[in-house]
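K.L.:
Could you have a look at this structure, given as structure tokens, before my questions?
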Amino acid sequence: MEAKVKVSGLNCVSCSKKIEKALFSISGVTHVVVSMPTQEVIATYVDDIPKLKERMGKIIRSIEPDVKIVESATLFKEKFPLFYLLTVVLFFIVVLLVPKNIQITLSIIGYVIIGRRVFYKAFLGLKNRDYFNENSLMILATVGAFYLKDFPEALGVMLFYSLGEKLQGFTFNRSQNAISELIGSEEKRVKLIRGEKIEEVEVETVEIGAHISIHKGDKLILDGIALTRAAFDMSPITGESLPVIYEVGDKIISGGLNIGESAEIEVTHRFEDSTCSKIQTALKIATQGKAKTENYMTKLSKVYTPLVVVMVILVLLVPTLLFHQPFSVWIGRAMILLIVSCPCALLLSIPLSFCASLGFASKCGIVIKSGEYVESFRKMEHFLFDKTGTLTTGKFQVESIDVAKGYEIQEMYTLILSLESLSGHPIAKTLVKTMKAHDALTKKVENFQEISGKGLFGTIEGKCWYIGTERFYKEEMKSECESRGILLFSSEGVACTITLSDEVKREAKEVVEHLQREGKEIVMLTGDSFENGEKTSQKLGIKTFLSGLLPTEKNSKVKEYQKKSKVLFVGEGINDALAIKSADIGIAMGKLGSGLAIESADIVIANDDLKSIEVLSKISNETMKIVWQNISVALGIKIIIIVLGVLGYSNIWEAIFADVGVAIITVLNATRLLYMRRNA
């Protein structure tokens, strides 16, 4: 069971960690997630816990008093704190220019006014046994400045720390809004058509087969079939920039915006099974997941602040007590260490980097279910591709139908249509369409059965007929077969051989060549015949391919390659779900992909564009580049200021920049990922 509390104004990573820890200490709570991008706090529990939501709200407010508990987690857009910025800067300039006696008075007044929230948060931290929080550290640093009678410096530390907090909050809020827009709105009502009337109802109550009306500007949040001609902007879900026109009878996936006239849709999936719902859920889960680097930095931050505090004590006491150095000199240097002891730059910018990369990916029609896959994508060495529907369009054409002696062609058409019309496989749809074009009739089929990856069979007019691969023939007839292609056969032998062709996707060759240039090993796995597999691999320049594979055999091949290196698998059908699940990273094609494949996948390409593989490569490389830039800048500058501070070569203003300034710079650097160009 889950208890969910929606909040507003939560943009402090260290506070979110404290909230997680405090909520996890509640007896009966088994797991806690604090998601800043979605502004939700979720506690998982087994047995009923009285007033859990109320207790969660109190704990959240006790740790972060600026956070509000709200009914809806819709993010508001913060305005740039220009007035606050100008007021603070002008006030500080006045303090620096006035005579000494007035300067002291103004410094104390300004310190009290600006620092009251910092003191309150420090008090709450002490109350929660969080002794080394950033607020208490800033108070210690400013008290040290007052002790040294550096009144403007004490005011400056508190003033610019407070200003930095507001600027960080503004920057993080903008990033949260960008990511939240990609995750989607919480609109849960649709216009249901009941006879001549249209009424708004909760989307969860809409059943399969119901008719709904989508007005111009409305978002479609249920999958369905177009009952009228419609035009939708599908960019929120697939990244396609051009409007998509749907004719009557076309399938429409949810997530698009109606840009034409009012459209009528017949619902084909309940809301929880819709594409829109699944992608929104995947993105929410993704923003809760953590990459390895993020986990390492969280662990480092737990050590970093106590370590610097110990250094502060040593810097203050060792020179003064053991070497009888002036206390006033070393307390100034200790203050510098206190100011740079907060790891905000790391705690803010690294999670934001991964969230921003997930957001940019979704703008491109790619759903990455965890930041972990952004980090590990570039480490993949073997790229294994399914053929049909992945490297090819999945739109088959019948090239030839060869009938054995003793059989009539029209009779074969009838048998093929009768059997294949009972299957939902893409090949079956092609065969049905072709047979109907030849005016074939259908006959009653008894004892029908379909075997995944092999074929199907059934009894027609007392005789058992089979359609499938050469392997299917060998297994059922217990004999060898010289024919190649799709075989229609009975106990008397092969009656008909069907040859199909599948068109290669126009971008497939370019993607394969791109990966090969990057030194990746490309392998094609297919359940199709050797001849078709060879034909496709030659067109694409793939040196290694394996044909005639069953779903379990594809899975076995993935595990074989995993013994050599990290493996990425791309597929779309039900028969790919096992391989997708087993691979180090499994990718499913969203449009053609089966529900099982999409659920098994770590990454979903909603627009079915193979060029998205190149985009994923860029996202992974750019994200990790920015993550390491931020780590290097944040730790590098802090270490330099610490060393210079101990040696007496840096001052308070440089320490403030190392804390607040670096945090803002790294957050801004992370948000660049939201605005990457799709094409390199």
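The values are calculated or read from the model by the stated rules, or taken from the named source; none is laboratory data. Note that the structure is a prediction, hence the values are computed from the model and not measured. Please note: Cβ atoms are built from the backbone with ideal geometry, for glycine as well, and neighbour counts cover all protein chains shown. Protein only, heavy atoms only, side chains kept; ligands, DNA and RNA dropped before computing areas. Shrake-Rupley method; radii C 1.70, N 1.55, O 1.52, S 1.80 Å.
K.L.:
Within the group GLU186, GLU204, GLU247, which residue is among the charged types (D, E, K, R), open to solvent by 70 Å² or more (accessible area, probe 1.4 Å) and modelled with pLDDT of 90 or more? If you could, list the steps in order and put the result at the bottom.
P.N.:
Values: GLU186 fails: modelled with pLDDT of 90 or more; GLU204 fails: modelled with pLDDT of 90 or more.
Being among the charged types (D, E, K, R), open to solvent by 70 Å² or more (accessible area, probe 1.4 Å) and modelled with pLDDT of 90 or more holds for just one of GLU186, GLU204, GLU247, which is GLU247.
K.L.:
Need a quick list: strands (runs of 3 or more DSSP E) entirely within region 1-56 having at least 1 residues that are open to solvent by 50 Å² or more (accessible area, probe 1.4 Å) and either within 15 Å of ILE69 (Cα to Cα) or of a type outside the set (Gly, Ala, Ser) (or both). Lay out the reasoning, then the answer.
P.N.:
Values: elements: 2-8, 29-35, 40-45.
Because the criterion is at least 1 residues that are open to solvent by 50 Å² or more (accessible area, probe 1.4 Å) and either within 15 Å of ILE69 (Cα to Cα) or of a type outside the set (Gly, Ala, Ser) (or both), the strands (runs of 3 or more DSSP E) in region 1-56 that meet it are 2-8, 29-35.
K.L.:
Going by the structure shown, is GLU64 under 20 Å from ASN128 (Cα atoms) and of a type in the set (D, E, K, R)?
P.N.:
On the way: under 20 Å from ASN128 (Cα atoms): yes; of a type in the set (D, E, K, R): yes.
Criteria met by GLU64.
K.L.:
Kindly indicate whether any position in region 231-244 is closer than 21 Å to ALA361 by Cα, open to solvent by less than 10 Å² (accessible area, probe 1.4 Å), in contact with a Ser or Thr (Cβ under 8 Å, 6 or more places away or on another chain) and at pLDDT below 75.
P.N.:
no
K.L.:
Select the helices (runs of 4 or more DSSP H) contained entirely in region 363-446, then report the ones holding at least 3 residues which are at pLDDT below 90 and of a type in the set (A, V, I, L, M, F, W, C). Even if it seems obvious, please write down each step before you answer.
P.N.:
On the way: elements: 371-377, 409-420, 426-437.
It comes to none.
K.L.:
While we're looking at this one, here's another question. Out of everything in region 526-544 that is of a type outside the set (Gly, Ala, Ser) and either in a loop (DSSP other than H, G, I, E, B) or in contact with an Asp or Glu (Cβ under 6 Å, 6 or more places away or on another chain) (or both), what residue ends up being surrounded by the fewest Cβ atoms within 10 Å (Cβ to Cβ)? Walk me through how you get there before you give the answer.
P.N.:
Just the residues of region 526-544 that are of a type outside the set (Gly, Ala, Ser), to begin with: 526, 528, 530-532, 534-536, 538-540, 542-544.
The next check asks that each one be either in a loop (DSSP other than H, G, I, E, B) or in contact with an Asp or Glu (Cβ under 6 Å, 6 or more places away or on another chain) (or both); those that pass are 526, 528, 542-543.
Numbers: THR526: 24, ASP528: 25, ILE542: 21, LYS543: 12.
The qualifying residue surrounded by the fewest Cβ atoms within 10 Å (Cβ to Cβ) is LYS543.
K.L.:
For GLY493, are the conditions met, namely being closer than 18 Å to THR393 by Cα and out of contact with any Phe, Trp or Tyr (no Cβ under 7 Å at 6 or more places or on another chain)?
P.N.:
Numbers: closer than 18 Å to THR393 by Cα: no; out of contact with any Phe, Trp or Tyr (no Cβ under 7 Å at 6 or more places or on another chain): yes.
So GLY493 fails the test.
K.L.:
Report, by residue number, each residue of region 447-459 that is open to solvent by less than 60 Å² (accessible area, probe 1.4 Å), at pLDDT below 90 and either of a type in the set (A, V, I, L, M, F, W, C) or in a strand (DSSP E or B) (or both). Spell out the reasoning first.
P.N.:
Kept after step one, since they are open to solvent by less than 60 Å² (accessible area, probe 1.4 Å), are these residues of region 447-459: 451, 453-459.
Imposing the further condition that a residue be at pLDDT below 90 reduces the set to 451, 453-455.
If the condition is that a residue be open to solvent by less than 60 Å² (accessible area, probe 1.4 Å), at pLDDT below 90 and either of a type in the set (A, V, I, L, M, F, W, C) or in a strand (DSSP E or B) (or both), then ILE451, GLY455 are the ones that fit.
K.L.:
Right, next: In region 125-142, is there at least one residue being under 18 Å from LEU163 (Cβ atoms) and either loosely packed, with under 13 Cβ neighbours inside 10 Å or among the β-branched types (Val, Ile, Thr) (or both)? It would help to see each step written out before you state the result.
P.N.:
Kept after step one, since they are under 18 Å from LEU163 (Cβ atoms), are these residues of region 125-142: 134-135, 137-139, 141-142.
Subset that is either loosely packed, with under 13 Cβ neighbours inside 10 Å or among the β-branched types (Val, Ile, Thr) (or both): 139, 142.
Scanning region 125-142 turns up at least one residue that is under 18 Å from LEU163 (Cβ atoms) and either loosely packed, with under 13 Cβ neighbours inside 10 Å or among the β-branched types (Val, Ile, Thr) (or both).
K.L.:
Do we find a residue being in a loop (DSSP other than H, G, I, E, B), open to solvent by 40 Å² or more (accessible area, probe 1.4 Å) and at pLDDT 90 or above anywhere in region 190-199? Explain how you work it out, then say what you get.
P.N.:
As a first pass, look at region 190-199 and keep what is in a loop (DSSP other than H, G, I, E, B): 195-196.
Still in the running and open to solvent by 40 Å² or more (accessible area, probe 1.4 Å): 195-196.
Cutting the leftovers down to at pLDDT 90 or above gives us none.
No, region 190-199 contains no residue that is in a loop (DSSP other than H, G, I, E, B), open to solvent by 40 Å² or more (accessible area, probe 1.4 Å) and at pLDDT 90 or above.
K.L.:
To continue, here is another question. Inspect region 73-88 for any residue being among the β-branched types (Val, Ile, Thr) and open to solvent by 80 Å² or more (accessible area, probe 1.4 Å) and give the result as yes or no. I'd like the intermediate steps shown before the answer.
P.N.:
The first filter runs over region 73-88 and keeps only residues among the β-branched types (Val, Ile, Thr), leaving 74, 87-88.
Still in the list and also open to solvent by 80 Å² or more (accessible area, probe 1.4 Å): 74.
Among the residues of region 73-88, at least one is among the β-branched types (Val, Ile, Thr) and open to solvent by 80 Å² or more (accessible area, probe 1.4 Å), which makes the answer yes.
K.L.:
What's the number of the only condition in (1) buried (at least 20 other Cβ atoms within 10 Å of the Cβ); (2) hydroxyl-bearing (Ser, Thr, Tyr); (3) touching a residue at least 40 places away in the same chain (Cβ under 8 Å); (4) farther than 30 Å from SER277 by Cα that TYR407 fails to meet?
P.N.:
(1)
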